[in-house]
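The structure under discussion appears below in the form of structure tokens.
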Amino acid sequence: MKIRTRQLISTALVTSVLSILIGGFAVVSTYRSEIAMIDKRLNQVESDIRVNPMDAVSIALLSIEQNNLDLTLGFATPSGEVTVLRESVGTPLEGPDLRVRTIPIPEGDKLIVVGSLVDINRSLDINLWKLLIFIILANILASIATSLLSRSGALAQERAQRQKMQEFIGDAAHELRTPMTVVKGYAELLKGKQLDPERESAAFERLNSELKRMDFLIGDLLMLAQLGEEGNIEFESIDIAQLVRESLSDFKEIAPTHPVTTQIDESAVLVGSEKYLQRFIQNALTNIRLHTPASTSVRVSVKAEKQITIIIEDSGPGLPPESYGEKIRGLKRFDRSRSRDTGGTGLGMSIMNAVIERHKGTFTLRKSELGGLAIEVHLPRT
């Protein structure tokens, strides 16, 4: 079932329930109020009769006339004979839709006071039909409003996606411009055969290096683009504790001079993409390996509570003070010289942030208690 159809059905259901609750309460309250008014009139006659039961017939007739009550009055003998003393239009002594009060009087006789419910029941039927029509109209209006709001929301989302794509294309073009310029320059030099053999060999090496860098950059850009698309990533149950341990094992092999301490909750399991979460952890550890001194301490914590919390921190130089707590947007880099010094693309933080956003988590950069950078992540279990 399409999302729009589900929204319309949900809106109709909510509107109908609210209309029935509010309108039904009003209709029933009105009906009960009108019934109570009939009972009040019958009680008035009965109360007057109780004051002087010896002259019950006269008192009853007088009470009905003086109070202008629309009631029928009958007299019943012990033998069962019934005489109509006062008849209200459309109000017989017996039949449906009547409110009847039988009042015993001396010598075994009875007075029968009757009020009609015909008008009240007719009014109830009319009000119920009005309620039904109101519910139908309310559902139509609510559906129209929901459609308009949904369309407006879809247009806003489309504009946001278009803007995001334009920003991405602009950032990608900016990132590719530098290596493209270098490649173009060396290609022109090699094309003109203006270099001696030794410099020509160095130019080919530089050209090959820039092409590799562009290949890495394009790969990272494609990953960012894929993370920004909806519905193209399969989620599954992941043992995040095991994933962290495996990444740390690789890190220790590559960077054995970095002392590592861990605090990992073995029950840390969540639903997500193993491929992208592994890339997140690897990027965090690679940043430490490439951008901190060899003796930098590393501490990794994984806690499993209502959410999964992952903290990867180091004792290195950290980031500029203004970068802590900053929200990463676009192809964000905190130090543009890093990619040139290490051969990386410089998009590691952007990819890490995109991975966590895709998992509906939060990604924070803060100062570590060790003195360097602490990357703190909170991920929902499902």
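Rule-based calculations on the coordinates, nothing more; no lab input. None of the values given here were measured: they were computed from a predicted structure. Cβ: placed from backbone, ideal geometry, glycine included. Neighbour counts: every protein chain shown.
Summary table
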| item | result |
| --- | --- |
| Cβ-defined net charge surrounding A374, 13 Å radius [Lys, Arg +1; Asp, Glu -1] | -1 |
| Square roots of five times the Cα gyration tensor eigenvalues for the chain, Å | 90, 26, 15 |
| Over 31 Å between alpha carbons, listed pairs K275/K303; K184/K360; K191/K275; K212/K306; K110/K130 | K184/K360; K191/K275; K212/K306; K110/K130 |
| Alpha-carbon spread of the range 174-301, three principal axes, descending order, Å | 64, 42, 19 |
| With eigenvalues of the C-alpha gyration tensor scaled by 5 and rooted, the range 27-73, Å | 25, 10, 6 |
| Convex hull volume per residue in cubic angstrom - Cα atoms of the range 104-206 | 158 |
| Estimated 222 nm signal from helices in the chain, with DSSP H stretches of n ≥ 4 weighted -39500 (n - 2.57), rounded to 500 | -20000 deg cm²/dmol |
| Principal semi-axes in Å for the range 19-97 [√(5λ), Cα gyration tensor, largest first] | 31, 16, 11 |
| Note, ³J(HN,Hα) from phi for the range 188-195, Karplus 6.51, -1.76, 1.60, rounded to Hz, x at Gly and Pro | 5, 4, 5, 5, x, 6, 9, 10 |
| Simple label model, 7 Å out from Cα along Cβ direction - E87 to K275, nm | 9.1 |
| Amide H partners (placed H, <5 Å) of L117, local residues excluded | L98, R99 |
| Förster-model FRET efficiency, 45 Å R0, L222 and Q263, C-beta, rounded to 0.05 | 0.80 |
| Coarse-grained scattering of the range 257-306 at q = 0.20, 0.22 Å⁻¹, given as base-10 log I(q)/I(0) from a Debye sum over alpha-carbon atoms | -0.83, -0.93 |
| Whole-Hz couplings from phi, Karplus 6.51/-1.76/1.60, listed for the range 311-324; x for Gly and Pro | 10, 10, 9, 9, 9, x, x, x, 10, x, x, 6, 7, 5 |
| Sequence-distant residues sharing a close amide H with A268 (under 5 Å, placed H) | A241 |
| Computed lengthening from A160 to T30, 0.36 nm per intervening residue step minus Cα-Cα distance | 41.7 nm |
| Max mean-square fluctuation residue, GNM over the chain, Cα-Cα springs under 10 Å, options I311, I240, I133 | I133 |
| Estimated vicinal HN-Hα couplings, Hz - the range 62-79 in sequence order (Karplus 6.51, -1.76, 1.60; Gly, Pro = x) | 5, 4, 5, 6, 5, 8, 6, 8, 8, 10, 9, 10, x, 10, 10, 8, x, 7 |
| Quotient of Cα Rg and 2.2 N^0.38 Å for the range 1-134, N being how many residues it contains | 1.56 |
| Sites K40 and L128 - FRET efficiency at Förster radius 30 Å, r taken between beta-carbons, to 0.05 | 0.80 |
